[in-house]
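The values are calculated or read from the model by the stated rules, or taken from the named source; none is laboratory data. Note that the coordinates shown come from a computational prediction; the quantities given were computed from them, not determined experimentally. So basically every Cβ, Gly included, is an ideal-geometry build from the backbone, and we count neighbours across all protein chains shown.
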Amino acid sequence: TKIQNRNDKNKKSSCNKSFPSLATCWGILLLIMVLRFYFSTVLEKQIANLTEETQTLKKKNEDRAQWSIDAYCPKEKNNRKCNACQAGWLYFESSCYAVNNVKRAEWKTWEEARNCGTLYDRLHENKNIISLKTVSKKSWKYDENKGYWIGLRVEDGIWKWLDGRNLTNSSWMNQPPSDGHCAVSVQDEGFKSVSCAEKNPWICNKKALSV
């Protein structure tokens, strides 16, 4: 009887010891299931977001492609005829130029005008003296404007173009660089330095379409 009682006690002790281990196992299993569900949910959400972003980018690219076709190859009697520049732009040396003769109330600061309103255009950047003279002739004086914004401004005490090039021909700008100043093109006078905060009309350019 004593032996049997001792065995019963040992069994109870063994069972009591096994319960914490079993509870721990169940706890770990439950934690794994919770983590799996969490990461599955997060992954599904990320995949959904990526799919949506991909579709958005695809739509934007399609819209841009259609915009380019309509802008450069307008329909005329159900036929498309492509031009080097879109309507209202001037073609010169593989580039297209737009002189924005807007009303005084619509003039912009240099920063407002720098991208010309689209991803494809930006303020004019001179490549050579011929380009300078051409743009200068188009910089008509009207409504007391001081000139037309071009893609040239002072950065760190140096005149720089929008693409990061330094202004290497000092004869194009006789005024010294002053922080907070940008360049305007004035008819038959070349470039002049004025405050970037002033409001003026502007000249844009972009690469012409090869046709």
TODO: Test residue 69 against the criterion of being hydrophobic (A, V, I, L, M, F, W, C), modelled with pLDDT under 75, surrounded by 10 or more Cβ atoms within 10 Å (Cβ to Cβ) and under 30 Å from the mean Cα position of the chain (by Cα), and give yes or no.
DONE: yes
TODO: Report, by residue number, each residue of region 181-205 that is assigned to a loop (DSSP other than H, G, I, E, B), of a type outside the set (Asp, Glu) and under 29 Å from residue 87 (Cβ atoms).
DONE: 187, 199, 201
Task: Filter result (free of Cβ contacts under 8 Å to residues at least 24 places away in the same chain and under 22 Å from residue 204 (Cα atoms)) within region 173-185 - done: 173
Open item on the list: Out of the residues in region 86-100 meeting the condition of being polar (S, T, N, Q) and in a loop (DSSP other than H, G, I, E, B), tell me which one is nearest to the chain's Cα centre (by Cα).
Closed with: 86
TODO: Please enumerate the residues belonging to region 71-113 that are among the aliphatic types (A, V, I, L, M) and touching an Asp or Glu at 6+ places or on another chain (Cβ under 8 Å).
DONE: 98
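Of everything in region 157-211 that's among the aromatic types (Phe, Trp, Tyr) and crowded, with 18+ Cβ neighbours inside 10 Å, which residue is nearest to residue 111 (Cα to Cα)? Working first, answer last.
To start, the set of residues in region 157-211 that are among the aromatic types (Phe, Trp, Tyr) comprises 159, 161, 172, 191, 202.
Restricting the remaining residues to those that are crowded, with 18+ Cβ neighbours inside 10 Å gives 159, 161, 191, 202.
On the way: 159: 16, 161: 13, 191: 18, 202: 11 Å.
Top of the filtered list is 202.
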Open item on the list: List pairs: first residue in region 153-172 and on the phi < 0 side of the Ramachandran plot and part of a loop (DSSP other than H, G, I, E, B), second residue of a type in the set (A, V, I, L, M) and at pLDDT 90 or above anywhere in the structure, Cβ distance under 7 angstrom, at least six positions apart or on different chains.
Closed with: 167/152
- [ ] Find all pairs meeting these conditions: Cβ atoms under 6 angstrom apart; at least six residues apart or on different chains; first residue within region 101-117 and touching a residue at least 24 places away in the same chain (Cβ under 8 Å) and in a helix (DSSP H, G or I); second residue among the hydrophobic types (A, V, I, L, M, F, W, C) and surrounded by 14 or more Cβ atoms within 10 Å (Cβ to Cβ).
- [x] 110/149; 110/182; 110/196; 113/149; 113/202
Task: Any chance residue 178 is small (Gly, Ala, Ser) and in a loop (DSSP other than H, G, I, E, B) - done: yes
Task: Filtered residues of region 69-87 (kept if within 18 Å of residue 99 (Cα to Cα) and in contact with a strand residue (DSSP E or B) (Cβ under 6 Å, 6 or more places away or on another chain)) - done: 84, 85
